[in-house]
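Comments concern the structure below.
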Amino acid sequence: MRKNLSSQITLIRIPEKYYKPENEFEYSVLTRFEKIPAHIYASMDEGSLEIAHEIAGEIRNRQKVGKTFVLALPGGRSPHTLFQHLINIHKKEKLSFNNVVVFLLYEFYPLSNATNSNLHQLQEAFLNHVDILPKNIFYPDGFINKNDISEFCEKYEKKIKDVGGIDYMLLGIGMAGTIGLNSAGASMSSGTHLVLMDNTSRKESAQLFSSPENVPAGVITMGLRTIMDAKTVVLISWGESKAAIIKKTIEGPITDALPATCLQHHSNAKIIIDLSSAYNLTRISHPWLVTNCEWDNKLIRRAIVWLCQIANKPILKLTNKDYSEHNLGELLAIYGSAYNVNIKIFNDIQHTITGWPGGKPNADDSYRPERAKPYPKKIVVFSPHPDDDVISMGGTFRRLCDQRHDVHVAYQTSGNIAVGDEEVIRYCEYLRDVNKKYSPKDNKIKSKAEEIINYLRYEKKEDGNPEHPDVLFMKGTIRREEARHASRYSGLKDKNIHFLDLPFYETGLVKKKSLSEEDVEIVKKLLLKVKPDQIFVAGDLADPHGTHKVCLDTVLAAIDEVKDLKWMKNCRIWMYRGAWAEWEMDHIEMAVPISPEELRHKRNAILKHQSQAESAPFLGDDERLFWQRAEDRNRATAEIYKQLGLASYEAIEAFVQYIPIQ
């Protein structure tokens, strides 16, 4: 079973020469906008393996001369694949870590439970699986008395100095450009110290705690001076959610608003990233600015959309001069004139627009994104949480139902941790009152409701422990009924609503289990039952908690196992976005226009999910509510189509086709 197929999705074909240049000259040409050496790998696994071999080599070199190797390690999820590779090298190649000294980059403060500590996470992921001597592991104390913090930090710095300094500093990067959780304004002269976390960092750290509110206010962390004093600094980053901050760090100016940019001053720093995280770098995103390109339709479209924005013109008004002045003369040489390129791309984008997302029956579908037949189609919409369907494709969802397709929706997780306690109290009070009115002699429901109310109001759950099962049931039930209500409103039949409750999600904690065969089998069973002609799946990997990625991997793994069946070969798979990000213009392969009335219906469907309104625990950094985000993104997509010279719509929902990997 292939579990990580989402990491192999490439929205555009990126030639190896852009990220694996043949020689130093080519590298210098490609990277002329980059101020920190960046090494790009096709996947997180490939990049992590390269670093693991590098660290293993340094350890062996030190062992040969009888010296220690001092390694600084961060927290977070970014190094976990690297840790697994180091563990494998330790077990299979007999690499000993007994000459390694480890310093933890930071620790949360104040801690109330050791299981939430950065130290505990590193022990579970790495330290307990290799032969590092306990006496060689140093870490900030998250339980220390606040009056002793300053003295402790001085001693921590002294320990680093006593072992000869840090040989290899491994860093992650936060969404706000933090390193070691040093946030905007951090002093370049700072050693180990206590800092208060910014809101973005606290939300990123929520996966270790039962809720964002339980994340400690601060961290004891190595300062920027300590980081810059390390002999070698390696920053790692994986996934598209970090692409924007990676571009600013590597290509932007040095600024104390983004602490990671200070690495531009380090003489031996480098950044290791995968293609997704490197996506916004000039050599990947706009290669025509630094080299000769291998042009295909998607890259041409990307270049033309970019040129329209730079020149502030619609496609059909671009001139030869526009192309020549903006490094796109190659296209003139290939196509002969601006007009030839313009009309090609205009038609290409025009053909993405359809009011029939399930295919228009009895119509010529030569230039339509979806086939006319079969009609009606059997369709499955996979929704990671119980509201992603209407948030991301609510207009398309309703239109598929209105156009008489046999639509099914499959809610992959219960979403039970994303319901506030006050919502549960409100529903339990309702249950209690109903019980009192209609069944006063049977106190079972009343007693259970009061038990839950008292638990939520007066008992404090310890950090790191799963939520109470009764509370999880109530929260899951609230979300299930909201989803059922929204689906009915969108035109779906009750029998076509499926709640999969994938096991990976059901931990009662923000932190989830890994994808398992059991999860995949549940999805596979539904596919074999429905045998759909069309599948919609969330391709929104910017979800900060990672649930969308696991849900996507689950569906793709199930598809991978049935892809050779006859019905599956005729099935088209469309990826949607919307809850956390939107497809860029050059990737869109199907654009479904949404009228003002349809947009109002979509908003109403989203609002059926009352628990996810203003009191929802996981709204993220975006202060807008989910319906506001969805409308803004859909309107923005429509505005781009308008600016390019196409028809003007109220809003557009966008989709990208997924082709099963062979």
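Please work out if GLY75 is among the small types (Gly, Ala, Ser), under 31 Å from the mean Cα position of the chain (by Cα), under 30 Å from PRO21 (Cβ atoms) and open to solvent by less than 40 Å² (accessible area, probe 1.4 Å).
no
Criterion first (modelled with pLDDT of 95 or more and open to solvent by 10 Å² or more (accessible area, probe 1.4 Å)) does LEU492 satisfy it? Answer is yes for this residue. When restricted to residues that are out of contact with any Asp or Glu (no Cβ under 9 Å at 6 or more places or on another chain), assigned to a loop (DSSP other than H, G, I, E, B) and surrounded by 15 or more Cβ atoms within 10 Å (Cβ to Cβ), the stretch 111-132 contains 3. Only a single criterion out of (1) within 21 Å of LYS549 (Cα to Cα); (2) open to solvent by 50 Å² or more (accessible area, probe 1.4 Å) is not satisfied by TRP356, namely (1). Filtered by the rule that a residue be part of a loop (DSSP other than H, G, I, E, B), open to solvent by less than 50 Å² (accessible area, probe 1.4 Å) and not aliphatic (A, V, I, L, M), the stretch 283-294 gives HIS286, THR291, CYS293.
Residues in the stretch 235-253 that are open to solvent by 20 Å² or more (accessible area, probe 1.4 Å) and either assigned to a helix (DSSP H, G or I) or without any contact (Cβ under 8 Å) to a residue 40 or more places away in the chain (or both): GLU240, SER241, LYS242, ALA244, LYS247, LYS248, GLU251, PRO253.
Taken as a whole, the condition of being farther than 30 Å from VAL163 by Cβ and of a type outside the set (A, V, I, L, M, F, W, C) does not apply to THR221.
A search for C-beta distances below 9 Å between a residue of the stretch 325-347 that is of a type in the set (Lys, Arg) and any residue that is open to solvent by 30 Å² or more (accessible area, probe 1.4 Å) and in a helix (DSSP H, G or I), counting only pairs 6+ apart in sequence or on different chains, returns LYS344/ASN297; LYS344/TYR335. The strands (runs of 3 or more DSSP E) found wholly in the stretch 496-591 and carrying at least 3 residues that are open to solvent by less than 30 Å² (accessible area, probe 1.4 Å) occupy 534-538, 572-576.
Consider SER366 carefully, then state whether it is over 34 Å from the mean Cα position of the chain (by Cα), more than 18 Å from ALA654 (Cα to Cα), of a type in the set (S, T, N, Q) and open to solvent by less than 40 Å² (accessible area, probe 1.4 Å). For SER366, the condition - over 34 Å from the mean Cα position of the chain (by Cα), more than 18 Å from ALA654 (Cα to Cα), of a type in the set (S, T, N, Q) and open to solvent by less than 40 Å² (accessible area, probe 1.4 Å) - is not met. Go through ALA260, ALA184, ALA269 for me and flag whichever is open to solvent by 50 Å² or more (accessible area, probe 1.4 Å) and aliphatic (A, V, I, L, M). Selected residue: ALA184, the only one of ALA260, ALA184, ALA269 that is open to solvent by 50 Å² or more (accessible area, probe 1.4 Å) and aliphatic (A, V, I, L, M).
Consider LYS94 against the criteria (1) open to solvent by 10 Å² or more (accessible area, probe 1.4 Å); (2) in contact with a helix residue (DSSP H, G or I) (Cβ under 9 Å, 6 or more places away or on another chain); (3) in a loop (DSSP other than H, G, I, E, B): it satisfies all of them except one. Which criterion is unmet? Tallying (1) open to solvent by 10 Å² or more (accessible area, probe 1.4 Å); (2) in contact with a helix residue (DSSP H, G or I) (Cβ under 9 Å, 6 or more places away or on another chain); (3) in a loop (DSSP other than H, G, I, E, B), LYS94 fails exactly one: (2). Filtering the stretch 608-635 down to residues that are touching a strand residue (DSSP E or B) at 6+ places or on another chain (Cβ under 9 Å) and open to solvent by 30 Å² or more (accessible area, probe 1.4 Å), which residue is modelled with the lowest pLDDT? Only one residue fits best here, namely ARG633.
Please verify whether the stretch 442-453 includes one or more residues that are of a type in the set (Val, Ile, Thr), in a helix (DSSP H, G or I), open to solvent by 70 Å² or more (accessible area, probe 1.4 Å) and at pLDDT 90 or above. Checked against the condition, which is being of a type in the set (Val, Ile, Thr), in a helix (DSSP H, G or I), open to solvent by 70 Å² or more (accessible area, probe 1.4 Å) and at pLDDT 90 or above, the stretch 442-453 yields at least one hit.
Regarding the stretch 592-602, can at least one residue be identified that is in contact (Cβ under 8 Å) with a residue 24 or more places away in the chain, within 21 Å of the chain's Cα centre (by Cα) and not in a helix (DSSP H, G or I)? No, every residue in the stretch 592-602 fails to be in contact (Cβ under 8 Å) with a residue 24 or more places away in the chain, within 21 Å of the chain's Cα centre (by Cα) and not in a helix (DSSP H, G or I).
Consider the stretch 454-478 and keep the residues that are part of a loop (DSSP other than H, G, I, E, B) and open to solvent by less than 30 Å² (accessible area, probe 1.4 Å). The one that is modelled with the highest pLDDT is GLU467.
Contact annotation: residue pairs with Cβ atoms under 7 Å, 6 or more positions apart or on different chains, pairing a residue in the stretch 478-495 that is closer than 17 Å to ALA418 by Cβ with a partner that is hydroxyl-bearing (Ser, Thr, Tyr) and surrounded by fewer than 24 Cβ atoms within 10 Å (Cβ to Cβ), are ILE478/TYR427; ILE478/SER611; ARG479/SER611; GLU482/SER611. Across the stretch 500-528, the qualifying residues are those that are of a type in the set (S, T, N, Q) and at pLDDT below 90, and the one among them that is farthest from ARG77 (Cα to Cα) is THR507.
So that you can scan it fast, the table gives a plain yes or no per residue for (1) at pLDDT below 95; (2) over 24 Å from ASP586 (Cβ atoms):
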residue: ILE12; (1), (2): yes, no
residue: GLU22; (1), (2): yes, yes
residue: ALA42; (1), (2): yes, no
residue: GLY47; (1), (2): no, yes
residue: HIS53; (1), (2): no, yes
residue: ARG60; (1), (2): no, yes
residue: GLN63; (1), (2): no, yes
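All told, LYS373 falls short of being of a type in the set (Lys, Arg) and either under 25 Å from TYR323 (Cβ atoms) or assigned to a strand (DSSP E or B) (or both). Residues in the stretch 9-64 that are of a type outside the set (Asp, Glu), farther than 30 Å from ASN98 by Cα, in a helix (DSSP H, G or I) and open to solvent by 50 Å² or more (accessible area, probe 1.4 Å): 4 in all. With respect to the conditions (1) open to solvent by 50 Å² or more (accessible area, probe 1.4 Å); (2) outside any loop (DSSP other than H, G, I, E, B); (3) of a type outside the set (Gly, Ala, Ser), VAL305 falls short on a single one, namely (1). If you go through the stretch 308-353 and pick out every residue that is of a type in the set (A, V, I, L, M) and either open to solvent by 70 Å² or more (accessible area, probe 1.4 Å) or touching a strand residue (DSSP E or B) at 6+ places or on another chain (Cβ under 7 Å) (or both), you end up with 5. Only residues that are open to solvent by less than 10 Å² (accessible area, probe 1.4 Å) and either under 26 Å from HIS468 (Cβ atoms) or part of a loop (DSSP other than H, G, I, E, B) (or both) were counted in the stretch 389-417, giving 5. Evaluated against (1) open to solvent by 40 Å² or more (accessible area, probe 1.4 Å); (2) in a strand (DSSP E or B), VAL219 falls short on exactly one condition, (1).
The values are calculated or read from the model by the stated rules, or taken from the named source; none is laboratory data. Nothing here was measured: the structure is a model prediction, and the numbers come from that model. Because the Cβ atoms are built from the backbone with ideal geometry, glycine has one as well, and the counts that use them run over all protein chains shown. SASA here: full protein model, heavy atoms, side chains in, ligands and nucleic acids out. Shrake-Rupley method; radii C 1.70, N 1.55, O 1.52, S 1.80 Å.
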